[in-house]
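Nothing in this text is a laboratory measurement; each read-out follows from the coordinates by a stated rule. Everything numeric in this text was worked out from a predicted model, so none of it was measured. Neighbour counts are summed over all protein chains in view; Cβ atoms, including those assigned to glycine, are modelled from backbone coordinates with ideal geometry.
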Protein chains: 2
Amino acid sequence: MTDSEFSDKKILQSWETNAAPWTRAIDTGEIVSRKLVTDAEIVAALLEHWPGSVLDIGCGEGWLGRVLAAHGVHVWGIDATAALVETARRRAGPLETYRQVSYTALESGYPGRHFDALACNFSLLGKESVEQVFASAPRLLKGRGRLVVQTLHPAAACGDAPYRDGWRPGSWAGFGSGFSDPAPWYFRTIASWVELFQRHGLKRVTLREPLHPETGQPASLILVGSRAS
Amino acid sequence: MTDSEFSDKKILQSWETNAAPWTRAIDTGEIVSRKLVTDAEIVAALLEHWPGSVLDIGCGEGWLGRVLAAHGVHVWGIDATAALVETARRRAGPLETYRQVSYTALESGYPGRHFDALACNFSLLGKESVEQVFASAPRLLKGRGRLVVQTLHPAAACGDAPYRDGWRPGSWAGFGSGFSDPAPWYFRTIASWVELFQRHGLKRVTLREPLHPETGQPASLILVGSRAS
């Protein structure tokens, strides 16, 4: 893999390629840790403070927005991949609005609008694009709003590589058939994730480390950032 | 091991027993990860904000106080183990003061005094006694003061046991001869450590995960908590 294949652009290309198998994997509950643990955990982390409005950043086919809307939350969802947004739109209820917007255009996509929470559920995979989300977050949040990020737990996801920020090659290992051209991803340590929130004005960061019931080890890391108050 | 042997009291007993071999281990640099990484990291984390005064909680034989004093910091050190405090006192320079004070008596030990930083370097091993340190911390700190804790990195220290808070049996494996009667210790997840700061008013918590140069994996976790500002 050449250097240029470790890029935010390559991630978008991979999602274009894999939108259909991804939607099928979500629909059929193929990703076991999501069904067992992480779906419920991101919903709980988001609903904890009774948000009236949530912007779902990297909404994919929209399952999270549909669940939140069923709890009475007004949901706006964005994704850079046209095919996923199209699916989310087709399935949307009256409280949901989905648009194709890239992470770099987040703020201009929602001029003047402020949300109770921003949700990023396993959707912050790149480098610059992720930093752009954090740079935009404070201006998209209401004063007491929260940025809620669920990601692979760094301690578990690190594997045998050195525990430091950097690009890693992608893999669809563990996924069913139909996937191809895996996306690279940018590894961040726990300290780096926390620093990313704080550097962008979200000084108070709380953590959740939901456990996989079968292994007793963290199934993910959820970070919730807000302005100090 | 019976339940009663998992207690804060048992930890103190073990330190009474092992004060002499511990002092020898520190003096001779026997604990490799301390020499390679964690000694320098706690010093750097403490000096970062130019503290005038530091309370070293669980100071042991006082190496950290001596280093800080060499940088012009006024150091107060406390430890529950008489033999360790005696050694620290014998070696102290003019900027250092050491006293035998238990964690449960921290506040009454320093009535009305406030510090720029509280240091806990691998010295928060128990359950209730640690919670007592956190309960006392806000009243021992100046307004912009910091509580700086270095501990085993939970992801590395967890081993094969479930990743959740609880007592673990002790071990002196990896230490030289002369040690006996290892102390149990109370495991806390990263999320639990952060929550412990925030529950006691130290809402802003930053993390450091210094790497062991030989393994590329975290040698420790350093948490720095302060009031939101």
task = Kindly provide the Kirkwood hydrodynamic radius of chain B in Å, to one decimal, from all pairs of distinct alpha carbon atoms.
result = 17.8 Å
key: Shielding score for B:190-196, defined as the mean number of other chain Cβ atoms within 10 Å   = 5
query = Looking at the P(r) of the protein assembly as shown, how many percent of alpha-carbon pairs lie beyond 43 Å?
reply = 22 percent
For segment A:96-229: span of alpha carbons on each principal axis (Å, largest first) = 42, 33, 27
inquiry  = With the cut-off at 30 Å, tell me which of the pairs A:Lys203/B:Lys142; A:Lys127/B:Lys127; A:Lys10/B:Lys203 have Cα atoms farther apart than that.
reply    = A:Lys127/B:Lys127; A:Lys10/B:Lys203
task = Enter the per residue convex hull volume of segment B:49-161, computed from alpha-carbon coordinates, in Å³ rounded to the nearest integer.
result = 115 Å³
message = Please enumerate, by chain and number, the aspartates and glutamates with C-alpha under 17 Å from the C-alpha of A:Lys35, excluding those fewer than 8 residues away in the same chain.
response = A:Asp27, A:Glu61, A:Glu209, A:Glu214
ask   = Roughly speaking, what is the stretch gain from B:Lys142 to B:Ala40, that is 0.36 nm per residue apart minus the C-alpha to C-alpha distance, in nm to one decimal?
value = 34.3 nm
ask   = Alpha carbon centre of segment A:86-132 versus segment A:148-183: separation in Å?
value = 22 Å
query = Magnitude of the Cβ-charge dipole of segment A:18-138, K/R +1 and D/E -1, about the Cα centre, nearest 20 debye?
reply = 280 debye
query = Shielding of A:159-168 by partners, i.e. mean partner chain Cβ atoms within 10 Å per residue?
reply = 2
inquiry  = Could you derive backbone 3J(HN,Hα) for segment B:208-217 from the dihedral phi with the Karplus parameters 6.51, -1.76 and 1.60 (θ = phi - 60°), listing whole Hz in sequence and x where the residue is Gly or Pro?
reply    = 10, 10, x, 8, 6, x, 7, 9, x, 9
note = Quick calc, B:His49 & B:Phe175: beta-carbon distance into FRET formula, R0 35 Å, rounding 0.05, result 0.60
remark   = Under the Karplus relation with 6.51, -1.76 and 1.60 and θ = phi - 60°, whole-Hz ³J(HN,Hα) for segment A:126-137, x at Gly and Pro, equal x, 9, 4, 4, 6, 4, 5, 4, 5, 5, 7, 3
query = Rounded to the nearest 0.05, what FRET efficiency is calculated for A:Ala20 and A:His71 with R0 set to 30 Å and r the Cβ-Cβ distance?
reply = 0.55
query = How well do other chains shield peptide A:205-216, expressed as the mean number of their Cβ atoms within 10 Å of each residue Cβ?
reply = 4
key: Whole-Hz ³J(HN,Hα) from phi, Karplus 6.51 cos²θ - 1.76 cosθ + 1.60, for segment A:176-193, glycine and proline x   = x, 6, x, 8, 8, 6, x, 8, x, 9, 9, 6, 10, 6, 4, 4, 5, 4
message = Which one, A:Leu12, A:Gly65, A:Val32, is farthest towards the positive end of the dipole of segment A:1-132 when Lys and Arg carry +1 and Asp and Glu -1 on their Cβ?
response = A:Gly65
key: A:Leu211 long-range amide H proximity, modeled H, under 5 Å   = A:Ala219
task = With an 8 Å cut-off on Cα pairs and a minimum separation of 6 or more residues, tell me the relative contact order of chain B in percent.
result = 22 percent
query = Given springs between every Cα pair under 10 Å in a Gaussian network model of chain B, which of B:Ala44, B:Ala173, B:Ala19 has the largest fluctuation?
reply = B:Ala173
message = Amide H of B:Asn121 versus every other amide H placed in the peptide plane: which residues, excluding those fewer than 5 positions away on the same chain, fall under 5 Å?
response = B:Ile57, B:Gln150
request  = Quote to one decimal, in nm, the extra length available between B:Arg99 and B:Val32 on full extension: 0.36 nm per residue of separation minus the C-alpha distance between them.
outcome  = 21.3 nm
